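Below: one structure, written as structure tokens.
Derivation of every value follows stated rules applied to the coordinates shown; laboratory data play no part. Since the structure is predicted, the reported quantities are computational estimates derived from the model, not experimental observations. Counting neighbours? That spans all protein chains shown, and the Cβs are built from the backbone with ideal geometry, glycine included.
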Amino acid sequence: MKNPSLALCCALTLGASAPLLNAAQEITLSVNAADPGTPVNRLIFGGCYLDFRQHTDAYEELGLSSNREASPGDASARKIQPEPGQWHWEEFDQWLVWLKENNITGVCTLSNYAPWMLGEGTTEPEDWEFFIEDWSDHAAAVVRHANIENKAGIRYWEIWNEPDSPTFWFKQPWNSGSERYAQLFHAAVRKMKAVDPTILVGTGGMADPWRGGIRKWWAPLITDYGVGEVMDFAAIHTYYGNPANGAVDDALARMRAIMREQLQTEKPILITEYNALMHEDFTQRGVSFAEQSLITALNLGLFAARDVAAAQYFCIGWWESDFCPWAPDGQPRPVVEAFKFWKDYQGERLSVTEKGPGLGYSVACRDGDTVRLYVPVAGDYPAEVSWKRYQVNVSGLRGPVTAEILAFYGDETHSLTHSLTPESDGSHTVAFKWPAQSDALLKITLSPDASPSPAAK
């Protein structure tokens, strides 16, 4: 952000007094409220881990619908099966109960290993064939415990956490373990689906897909090792800052292109971890809590626009880190407001047509008789451009409507001055200007005008 309060003041003043037609660049958004639409996907509003402490109502407060549990959490093989034949389900079962009680969709990441699975190995298996056999038996046992014995209905199962990374894949060099991972994946999928054929099993979230994970690690799984045919989804992790930089967009597009070419179809993509930066002390690295909050809000818009199947914020918990939505003393950080800003994205998703130099990932929903658009705006304009003029045309609304625009900056939200014009074809046009030097997420709401008609007064 670049002095958003000053920019907003200018927007309010000039939006009210200056002719709207003087904008140097124009962006038009169009939505038909009468379209049938498709159900809004709330699974993109999720989180990793469960360390709520005093915030036991955190998921309801933030409007979250999915949760990923992974090693080193309660789904860790080290915790569940520390020795052959020894099973410790207590913490894992607490997660299953919590999911049921709160109607949360679980994403279970089976990762890590108990030391006994390595045989005489220290940093990697002594015998890979033995390890793959035993680990895949373990994976099947977890599915059986969760879905058959406890009727938990865990649908999404992710095989390994960041398997392209030496941190999590046996200290091997970056992107070097595709062949062994493919062997493990095939064995695990076969045994897990023998227990519960209804589950969806996907490749583990890549630590760094954009910089090399897709090309060097994931693509060979699809082109050389047959994983694409048996996987139900793919997962990535994204810690790439403001989505306007295109890194996440590029990663999604490349993965989908590989699937179309090799599989003649696209399979769902989950983003099982994301944040502004991968560093738990990001405020010491130049990213403020306010900026991180805005980046989170913008990322959620990108995930919705690009049809990401589910996404989990990293993380709900880890109180000692900057990632946690609450400070160690329990006070909320700005990112709490980022999630709240999206809580009314519900009902049916509507298509948005965008023309002009916008960011290209606006989304809209119809909630009863109300239509909402979520529009990312950026102030990084060419030097000769001071303003961009937006026109939002919504057709298919019945009767008189009112309009409201809220601008979310990460740490504060303000109303934005605009005009609302009923058109001769029955549509409505909302017009406003947006200044250079200011990034935000806008929420434009058109709802029935509840004020009394002249005849009723």
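Listing Glu291, Glu273, Glu423, Glu69 from fewest to most neighbouring C-beta atoms within 10 Å gives Glu423, Glu291, Glu69, Glu273. When Rg and Dmax are taken over the Cα atoms of region 41-341, they come to 18.4, 52 Å. For region 363-376, the Karplus equation 6.51 cos²θ - 1.76 cosθ + 1.60, evaluated at θ = phi - 60°, returns couplings of 9, 9, 9, 10, 10, x, 9, 9, 10, 10, 10, 10, 10, x Hz by residue, with Gly and Pro reported as x. Given region 40-119, what whole percent of its Cα pairs are spread farther than 14 Å? Above the 14 Å cut-off, region 40-119 has 64 percent of its Cα pairs. Taking only the alpha carbons of region 298-457, we obtain Rg and Dmax values of 17.9, 61 Å in that order.
Counting only DSSP beta bridges whose two residues both lie in region 41-341, roughly 5 percent are antiparallel.
Annotation: lysines with alpha-carbon distance below 26 angstrom to Lys443 (same-chain offsets under eight excluded): Lys2, Lys340, Lys343, Lys355, Lys388, Lys433.
In the chain, helical runs assigned H by DSSP with n ≥ 4 each contribute -39500 (n - 2.57); averaged across all residues and rounded to the nearest 500, the mean residue ellipticity at 222 nm is -8000 deg cm²/dmol. Our note on the geometry: Cα centres of region 322-362 and region 378-457, 18 Å apart. Among the trypsin sites (Lys or Arg not before Pro) in region 306-363, those placed in a DSSP loop whose Cβ has at most 14 other Cβ atoms within 10 Å are Lys343. Lys193: which lysines have alpha carbons under 20 Å from its alpha carbon, excluding same-chain residues fewer than 8 sequence positions away? Within the straight-line limit of under 20 Å, Lys193 reaches these lysines: Lys151, Lys267. With all pairs of different alpha carbon atoms counted, what Kirkwood hydrodynamic radius in Å does region 377-457 show? By the Kirkwood definition, the hydrodynamic radius is 14.4 Å.
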